[in-house]
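A quick write-up on the structure given underneath.
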Amino acid sequence: MALVVGAFMVGLAPGLALLALLELPLEIATHRIQSARKQALQRSMLEASARTASGVQESVAAIETIRMFSAEEEEEERHSWNLARELRLKEQMELELAFFTLVHRVLQLAIRVLVLFRSHQQLRDGYITPGVLVTFLLYQDTVGSHVQVIPWNPHVCPSIHASVHPGATPFLLPRCCSMASMNS
């Protein structure tokens with residue numbers, strides 16, 4: 001459906017359609033960066049959790065030795081440091097999620113402003129009519145709600161796995177396909 005609506009958009013106002021489609025490569029790039037950062041932070045979080053868990057296990061196993069040498073404060077300090085590191089990583093993950101959400105929304109808003117500015121110019125110059133503009137903007141909302149960028153993952157949509165080149169890292173799917181596959 002998104003391709004059909006996109007074709008209608010190009011038919012109505014090719015220049016505006018190209019401007020509106022400028023959002024896709026920008027979203028793909030930010031999605032790739034966000035995914036790489038998220039994976040790195042998750043890996044760090046896993047390592048910090050493992051370090052904390054192993055420290056607790058070591059402390060419990062050696063509790064008699066710790067008491068004998070009166071090293072409870074050092075163990076408590078080490079455990080507090082490990083927990084603080086985990087908390088910092090979690091906060092960094094949340095902060096980066098908020099940042100990338102902001103970037104995503106700013107990109108969407110910037111593209112919409114550019115489309116509205118350019119459509120105002122075309123409307124003023126007589127290249128498009130008000131009806132064409134309204135229809136185009138409605139189509140733009142429809143395409144935006146039906147298309148999303150997802151990373152290549154054969155487990156998300158296995159029926160498409162065989163028909164898409166494996167080198168195509170991000171690709172576009174109708175939301176109905178990707179959301180149904182993700183929930184299963």
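The values are calculated or read from the model by the stated rules, or taken from the named source; none is laboratory data. Keep in mind it's a predicted model, so treat the numbers as computed, not measured. Every residue, glycine as well, gets a Cβ built from its backbone with ideal geometry; the counts of neighbours run over all protein chains shown. Accessible surface is based on the protein model in full, side chains and every heavy atom, while ligands, DNA and RNA are left aside. Shrake-Rupley method; radii C 1.70, N 1.55, O 1.52, S 1.80 Å.
Just read off the accessible area of Leu97 with the full protein assembly in place, 1.4 Å probe, to the nearest 10 Å².
Estimated to the nearest 10 Å², Leu97 gives 100 Å².
Figure the gain on full extension for Ile33 and Leu83 (residue separation times 0.36 nm, minus the Cα-Cα span) and round it to one decimal in nm.
My answer for the length gained is 15.3 nm.
Under a crude label model (7 Å from the Cα following the beta-carbon direction), how far is Arg112 from Arg51 in nanometres?
4.3 nm
Separation between the Gln121 and Leu22 pseudo-spin-labels, each 7 Å from Cα along Cα→Cβ, expressed in nm?
0.9 nm
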